[in-house]
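Colleague: Sharing a structure below in structure tokens format, with a few things to ask.
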Amino acid sequence: MELLPANLKRQLLMNNLHRDDDHIPVVKFFLPGTGATWIITDMDPDEDLLFGLCDLGLGEPELGYVNLSELRRVRTRLGLAVERDLHWHTDRPLSAWTSAARAARRILTPE
């Protein structure tokens, strides 16, 4: 499975043109068997940086950047790699995801 297909990358790059907007997240990544989850809204065209809500499963989800090439290299002790949630989609903006995650201390679907 390709972690970031061209159609999603295009949308992330387009969102980057209007960085101050409260975008609806485009893609969700997760590391199986852990609490690590990334909900991504945009991508810097000059670097390999993705922006969104990052939760490493430590009870402190935060807005920030993650390097796409690093996500591709991450492995669990069992050798599992970061995956894209193929069935995930949302109509809620990043601010709603962030508020819900901060209240719950982990990424949850905003109500």
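Colleague: Determine by what factor the alpha-carbon radius of gyration of the chain differs from 2.2 N^0.38 Å, reporting the quotient.
Modeller: Normalised by 2.2 N^0.38 Å, the Cα Rg of the chain equals 1.00.
Colleague: Springs between alpha-carbon atoms under 10 Å, Gaussian network over the chain: tell me which of 33, 59, 79 tops the mean-square fluctuations.
Modeller: Between 33, 59, 79, it is 79 that shows the largest mean-square fluctuation.
Colleague: Okay, next question. Which residues among segment 8-35 fall inside the zone where the amide N is under 20 Å from a point 7 Å beyond the Cα of residue 92, along Cα→Cβ?
Modeller: Hits in segment 8-35 for residue 92 at 20 Å: 21-31, 35.
Colleague: Here's another thing I want to ask about it. In whole Hz, with x marking every Gly and Pro, tabulate ³J(HN,Hα) for segment 100-108 from phi via Karplus 6.51 cos²θ - 1.76 cosθ + 1.60, θ = phi - 60°.
Modeller: After applying 6.51 cos²θ - 1.76 cosθ + 1.60, I find 5, 5, 5, 5, 8, 6, 6, 6, 10 Hz.
Colleague: Report, by chain and number, residues whose modeled amide H sits under 5 Å from the one on residue 36, excluding near sequence neighbours (fewer than 5 apart, same chain).
Modeller: It is 31, by chain and number.
Colleague: Amide H to amide H, which residues 5 or more places from residue 63 or on other chains are under 5 Å from it, using H placed in the peptide plane?
Modeller: Correct list: 54.
Colleague: DSSP loop (so not H, G, I, E, B), at most 13 other Cβ within 10 Å: list which trypsin sites (Lys or Arg not before Pro) in segment 21-111 pass both filters.
Modeller: On the way: sites: 28, 72, 73, 75, 77, 84, 102, 105, 106; in loops: 77, 105, 106.
Answer by residue number: 77, 105.
Colleague: May I pose another question? Can you work out the Karplus-derived ³J(HN,Hα) for every residue in segment 36-46? Use 6.51 cos²θ - 1.76 cosθ + 1.60 with θ = phi - 60°, whole Hz, and x for glycine or proline.
Modeller: With coefficients 6.51, -1.76 and 1.60, one gets 6, 8, 10, 10, 10, 10, 8, 9, 6, x, 8 Hz.
Colleague: Quick one: length gained pulling residue 74 to residue 7 fully straight, 0.36 nm per residue minus the C-alpha distance?
Modeller: Taking 0.36 nm per residue and subtracting the Cα distance, the gain is 21.8 nm.
Colleague: Could you list 88, 38 so that the one with the fewest beta carbons within 10 Å of its beta carbon is first and the one with the most is last?
Modeller: Ordered by Cβ neighbours within 10 Å, fewest first: 88, 38.
Bear in mind that the values in this text are calculations on the coordinates, not laboratory data. These numbers were taken from a predicted model, which means no experiment stands behind them. Using ideal geometry, Cβ is built from the backbone for each residue, glycine included, and neighbour counts are taken over all protein chains shown.
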